[in-house]
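Written out below as structure tokens is the structure these notes cover.
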Amino acid sequence: MTMRANYFNLLLVLLMGVLPIQLQASESDKNVILYTPYTKIAVPPGESVNYSIDVINNYDVVKNVNLSVKGLPRGWNYELKAGTWTISELAVLPHEKKNVSLKVDIPLKVNKGTYRFTVVAEGLGELPIAITVSKQGTYQTDFITNQPNMQGNSKSSFTFNATLKNQTAEQQLYALMAQAPRG
């Protein structure tokens, strides 16, 4: 009886060792995964965020993946690229991965807060992403110079350099003039 029990235990151990391998290859593990390490970041208004996204095919066949971005706030723009090409569909070989770039442009005219959207592989997988706008959007213009005053004699010539930066959401028209004291 102990010999039979040993054979039974040996058979049971062998079966237990085989079962997890079969479970790992189950249909539920076969899918398309979208991956980026940066799923929530903080940026100021007016910036562009560039994501590198891996499209991983865990199926045993080639998958054509339709890619889109859903839930992006109104006024925000995006571009999906593979290499130098703008894309909306990508073919991925079995058990391989391809990389796509997602560029999201955050407008200047935006409120402070967290904005959520999703990169979607239609019918295959999703990648939720959040961008936190770190400060209230600006609606002003900056006019600055590094050296606002200079000294010299009456025959000296002076050159001032200034920077005009439009930080509004729309194109602006500016009129500039200078007034120097008499003499």
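Read-outs throughout are calculated quantities, based only on the coordinates presented, and are distinct from any laboratory measurement. A quick note: this is a predicted structure, and the numbers were derived from the prediction, not measured. Heads up, the Cβs are rebuilt from the backbone with ideal geometry, glycines too, and the neighbour counts pull from every protein chain shown.
Couple of notes before you dig in:
- Counted charge near S52, where neighbours are those whose Cβ lies closer than 14 Å (Asp, Glu -1; Lys, Arg +1): +2
- The stretch 27-133: C-alpha gyration tensor shape, a/c 1.5 cut-off, then a/b vs b/c: prolate
- Counting other Cβ atoms within 10 Å as a rough exposure proxy, the listed residues V100, V119 run V100, V119 from fewest neighbours to most.
- A82 long-range amide H proximity, modeled H, under 5 Å: I87, S101
- For the stretch 82-117, backbone nitrogen atoms closer than 12 Å to the point 7 Å from A42 Cα along Cα-to-C-beta are found at 113-114.
- Simple label model, 7 Å out from Cα along Cβ direction - K70 to K135, nm: 3.6
- FRET efficiency for Y174 and N99, using Cβ-Cβ distance with R0 set to 41 Å, rounded to 0.05: 0.45
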